[in-house]
Amino acid sequence: MSATELKTSATIPAGTYRLDPVHSSAGFAVKHMVVATFRGRFEDFDATLSVDEDGKASMTGAVQVRSLEVKDENLKAHLGSPEFFDIERYPEIRFEASQVEIGEDGSLKVDGNLTIKDQTHPLEATGTITGPAVTLGDVTKLGITLETVIDRTKYGLNWNAPLPKGGVALADDVKLTVELELAREEA
């Protein structure tokens, strides 16, 4: 993890914030057959936000591709094949932030690198941060929502099929969305 400057006027107490997987989600959406949006999600993922006393922050995340969930088992197998994620060779998707910016209004911008199938490219994700809040059990939590759009073909997710009257089965642009509930570790 690389330490980066946390640009914020909000006060985030120093510490390490770890994912609460029960109250978090990671998913994607892509235009399918030109007319609809197909959605999928991952069930096994992790994220960590660390903030030190000087305001330096790091944020990382990882998704276990095998945890992919879609509504059709045949499609799930196809998405796991070498034509898409190739989960036997590339079992993990990784993200590492290089910059985290929090606005006074709770807006959040995270710049970093996303790695899928050993293809790493920079991206910018935007969203919101909520908290900190002290919750039941006297636990300090943050809520983070982030979205970005990637071109899947830059990551080696190239499969497609032409449609009979024009267009293709899948758009290249894929929206990635994470909703994270992070709990501060107590010393």
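Within the shell of other residues whose beta carbon sits under 11 angstrom from the beta carbon of Thr126, the net charge comes to -3, with Lys and Arg scored +1 and Asp and Glu -1.
In the range 99-187, which GluC sites (Glu not before Pro) fall in coil by DSSP and have 10 or fewer other Cβ atoms within 10 Å? Can you show the working numbers first?
On the way: sites: Glu101, Glu104, Glu124, Glu147, Glu179, Glu181, Glu185, Glu186; in loops: Glu104, Glu185, Glu186.
Loop-located and lightly packed - Glu104, Glu186.
If we count every other residue with Cβ under 13 angstrom of Val149's Cβ, Lys/Arg +1 and Asp/Glu -1, where does the sum land? Around Val149, the surrounding residues sum to -1.
Computed from backbone phi with θ = phi - 60° and the Karplus coefficients 6.51, -1.76 and 1.60, the 3J(HN,Hα) list for the range 89-102 is 8, 10, x, 9, 9, 10, 9, 9, 6, 10, 7, 10, 10, 10 Hz; x is used for glycine and proline.
The Rg/Rh ratio of the range 104-155, with Rg taken over Cα atoms and Rh as the Kirkwood radius over Cα pairs, comes to 1.15. Its DSSP H runs of at least 4 residues, each contributing -39,500 (n - 2.57), put the calculated 222 nm mean residue ellipticity of the chain at -1000 deg cm²/dmol, to the nearest 500.
Backbone amide hydrogens, once placed in the peptide plane, bring Leu170 within less than 5 Å of Met33, Ala161, excluding anything fewer than 5 places away on its chain.
Over the range 91-177, Cα pairs under 8 Å with separation of 6+ residues give a relative contact order of 21 percent. Fraction of C-alpha pairs exceeding 21 angstrom in the chain: 52 percent, rounded to a whole number.
Spatial offset of the range 78-145 relative to the range 20-48 amounts to 12 Å, using the alpha carbon center of each.
Just the protein heavy atoms count here, and of the accessible area of the range 39-187 at 1.4 Å, carbon and sulfur take up 49 percent.
Here the range 117-187 has an Rg and Dmax of 18.7, 62 Å, counting Cα atoms alone. Measuring between alpha carbons in the structure, the pairs from Lys31/Lys109; Lys56/Lys109; Lys56/Lys154; Lys117/Lys141 lying more than 22 angstrom apart are Lys31/Lys109; Lys56/Lys154; Lys117/Lys141. Note on Glu186 and Ala62: their simple-model spin labels are 2.7 nm apart, each label 7 Å out from Cα toward Cβ.
Computed over protein heavy atoms with a 1.4 Å probe, the accessible surface of the chain works out to 55 Å² per residue.
Database remark: amide H of Thr140 closer than 5 angstrom to the amide H of Thr135, Arg184 (H placed geometrically; neighbours at sequence offset of 5 or more, or on other chains; Pro and chain starts carry no H). The Rg/Rh ratio for the range 59-106 is 1.20, where Rg is the radius of gyration of the alpha carbons and Rh is the Kirkwood radius.
The values are calculated or read from the model by the stated rules, or taken from the named source; none is laboratory data. Since we're looking at a predicted model, the values are computed, not measured. Here Cβ is always computed from backbone atoms with ideal geometry, including for glycine, and neighbour counts include all displayed protein chains. The protein model used for the area step is the full one, side chains on, heavy atoms only, and it has no ligands, DNA or RNA in it. Shrake-Rupley method; radii C 1.70, N 1.55, O 1.52, S 1.80 Å.
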